Amino acid sequence: MRKHILIVGGGYVGMYTAMGLRRLVRSGEVAVTVVDPRGYMTYQPFLAEAVGGSIEPRHVAAPLGQVLKGMRVLTGRITRVDHDARSAEFQPVQGPARTIGYDILVMAAGSITRALPIPGLAEHAVGFKSIGEAVHLRNRVLAQLAVAASTDDEAVRRRALTFVVVGGGFSGVEALAEMQGLADEAVRYHDGIEPADLSWTLVEANDRILPELHEDLGRWTVAALRKRAVDVRLGTLLTSAAGGVAVLSDGTEIDAGTLVWAAGGRPSPLAADSGLPVDRTGRIVATEYLRVAGIDDAFAAGDGAAVPDLTRPGAFTAPNAQHAVRQAKLLGRNLVAYVRGRRLKPYRHAYLGSVAGLGHHQGVAQVYRIKLTGWLGWLAHRAYHLGWVPTARNKAAVLADWVLAGLFRRETVRLEAIEHADEDFRQAVAASKADEAARRAVQEAPATGARPGAPVVRVAEQAGADVRQTPAA
């Protein structure tokens with residue numbers, strides 16, 4: 001009888017695991033269902049370049065329905081798993097929830113933003129984990145420059161040109177670097193603003209940034225950022241964002257027009273809510289074979305799984321893209337072996353290194369024991385990630401974006417309207433209603449005693465409509 005494999009999550013692990021199951025799908029041995037809230041996989045290492053404008057946002061996304069042909073892709077969320085009953089509660093984007101039965105479960109829900117109960121954080125900060133947030137952040141930077149160039153109020157100008165990023169990991173450092181690169185390019189189109197007028201602050205709770213790289217590269221990055229007038233605050237916490245003012249644990253208060261929260265993530269709470277074994281951080285406890293510990297017919301990998309690191313006894317693999325992609329590819333092969341009753345292989349990862357882009361054609365890279373900085377680090381960053389971008393189409397699109405960015409200046413148009421695409425339509429509807437009200441007022445005016453040829457008086461504009469004229473009584 002054909003097995004049904006349910007994959008919860010369509011990110012790195014979900015998509016690559018499903019791709020690895022193609023042999024079973026083609027032979028008719030299994031049916032595969034992938035559930036994801038967005039319906040596409042986001043290549044997150046390039047989100048920063050999407051902010052900076054080097055890459056089109058849509059080019060860092062791979063539509064699951066297009067990539068996973070022959071598999072069922074559902075857009076929505078799994079809200080509960082009852083593994084004893086081999087069933088999951090599915091909530092589609094629209095319509096009532098329903099139950100999905102399965103034989104084998106793959107938990108690949110990944111992580112969500114790790115937010116802290118900091119006053120004002122939800123109201124004034126911008127996250128940095130999705131394509132939508134990257135687009136919003138790009139528009140935000142460009143909009144703040146326009147605000148600064150259009151005001152005579154020095155306080156408003158100063159606030160608009162102040163940017164604070166919280167989090168010194170890859171996401172935070174790369175986001176700040178690309179934002180700064182975008183702003184430095186865009187200021188040339190705003191009279192009266194120079195790059196030196198902008199204020200940049202990076203806040204990190206630990207005593208170093210980019211912890212997955214060698215300490216020397218972290219120190220080099222701090223020095224490089226400080227040369228670009230970035231105020232790097234190590235060993236510092238954000239304690240409040242109330243009123244848009246970033247209050248730091250060292251007593252500093254920064255009136256920030258843009259506050260970015262990139263302080264890491266936490267495992268999806270779905271695993272713990274579903275009764276699967278989790279560690280103290282909420283990650284699913286997995287074996288080196290990527291099976292959920294002590295549970296039959298259940299597998300897990302990626303950011304939401306605590307997978308033993310066989311190269312470092314007693315440790316677990318870090319929650320990053322490098323492990324997620326490699327675990328997913330092994331998980332696909334292990335699922336094929338599991339369905340066919342064969343032996344599974346353990347996950348053993350030889351560390352290849354890590355890379356980070358710093359904008360301005362700078363980067364840092366650690367490839368095995370080789371350390372690269374500056375332009376060579378930037379080149380290594382691009383080469384490494386281009387190799388891991390999913391699908392040939394996405395690779396070609398990203399490469400084309402880079403070529404165009406090298407030949408021409410960055411695009412600095414802000415498309416804030418796409419974030420509120422219905423606003424113009426709503427205003428048009430409101431104007432039409434007011435226009436109709438004004439027309440009726442003109443028609444009803446003679447009934448109130450208006451004389452033909454009498455002088456006219458203006459009727460007050462209502463709900464955004466143009467001012468109309470009506471005969472005076």
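Things worth noting here:
- Identity of the residue in segment 1-18, hydrophobic (A, V, I, L, M, F, W, C) and touching a helix residue (DSSP H, G or I) at 6+ places or on another chain (Cβ under 6 Å), that ends up farthest from Gly65 (Cα to Cα): Val13
- Extreme residue, surrounded by the fewest Cβ atoms within 10 Å (Cβ to Cβ), among residues of segment 1-25 that are of a type in the set (Val, Ile, Thr) and within 19 Å of Asn320 (Cα to Cα): Val8
- Every residue from segment 184-198 that is over 26 Å from the mean Cα position of the chain (by Cα) and in a loop (DSSP other than H, G, I, E, B): His190, Asp191, Gly192, Ile193, Glu194
- The set of residues from segment 40-60 being over 16 Å from Glu174 (Cα atoms) and surrounded by 19 or more Cβ atoms within 10 Å (Cβ to Cβ) comprises Tyr40, Met41, Thr42, His59.
- Of the residues in segment 299-312, at least one is assigned by TED's automatic domain parsing to the domain that holds Val51, among the polar types (S, T, N, Q) and at pLDDT below 95.
Every residue, every condition in (1) assigned by TED's automatic domain parsing to the domain that holds Arg228; (2) closer than 21 Å to Ala229 by Cβ; (3) surrounded by fewer than 23 Cβ atoms within 10 Å (Cβ to Cβ); (4) touching a Lys or Arg at 6+ places or on another chain (Cβ under 9 Å), yes or no:
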position	(1), (2), (3), (4)
Ala125	yes, no, no, no
Phe128	yes, no, no, no
Glu133	yes, no, yes, no
Thr151	yes, no, yes, yes
Val156	yes, no, yes, no
Val165	yes, yes, no, no
Glu174	yes, yes, no, no
Glu185	yes, yes, yes, yes
Asp197	yes, yes, yes, yes
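- Of the residues in segment 77-91, not one is touching a helix residue (DSSP H, G or I) at 6+ places or on another chain (Cβ under 6 Å) and modelled with pLDDT of 95 or more.
- Residue list for segment 92-129, restricted to those being in a loop (DSSP other than H, G, I, E, B) and closer than 14 Å to Asp36 by Cβ: Val93, Ala108, Ala109, Gly110
This table checks each residue for (1) among the basic types (Lys, Arg); (2) under 26 Å from Leu6 (Cβ atoms).
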{"position": "Asp82", "(1), (2)": "no, yes"}
{"position": "Arg86", "(1), (2)": "yes, yes"}
{"position": "Pro96", "(1), (2)": "no, yes"}
{"position": "Thr99", "(1), (2)": "no, yes"}
{"position": "Val106", "(1), (2)": "no, yes"}
{"position": "Ala115", "(1), (2)": "no, no"}
{"position": "Pro119", "(1), (2)": "no, no"}
{"position": "Gly127", "(1), (2)": "no, no"}
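- Cβ-Cβ under 6 Å pairs, at least 6 apart or on other chains, segment 70-93 side assigned by TED's automatic domain parsing to the domain that holds Arg22, far side in a strand (DSSP E or B) and of a type in the set (Asp, Glu): Thr79/Glu89; Arg80/Glu89
- Remark: pairs (first residue in segment 225-245, in the same structural domain as Gly359 (by TED's automatic domain parsing); second residue polar (S, T, N, Q); Cβ separation under 6 Å; 6+ apart in sequence or on different chains) = Asp231/Thr201; Thr236/Ser249; Leu237/Ser249; Thr239/Ser249.
- When Ile7 is tested against (1) among the hydrophobic types (A, V, I, L, M, F, W, C); (2) in contact (Cβ under 8 Å) with a residue 24 or more places away in the chain; (3) over 18 Å from Ala109 (Cβ atoms); (4) not in a helix (DSSP H, G or I), just one condition goes unmet, and that condition is (3).
- Residue ID - nearest to Leu105 (Cα to Cα), chosen from residues in segment 248-292 that are in contact with an Asp or Glu (Cβ under 8 Å, 6 or more places away or on another chain) and assigned to a strand (DSSP E or B): Val285
- Residue list for segment 10-39, filter: aliphatic (A, V, I, L, M), farther than 14 Å from Phe90 by Cα and outside any helix (DSSP H, G or I): Leu21, Val30, Ala31, Val32
- Complete set of residues in segment 345-391 that are of a type in the set (A, V, I, L, M, F, W, C) and surrounded by 19 or more Cβ atoms within 10 Å (Cβ to Cβ): Val355, Ala356, Leu358, Val364, Ala365, Leu372, Trp378, Ala380, Val389
The values are calculated or read from the model by the stated rules, or taken from the named source; none is laboratory data. Predicted, not measured: the structure shown is a model, and the values here were computed from it. Note: ideal-geometry Cβ built from the backbone for every residue, glycine included; neighbour counts use all protein chains shown.
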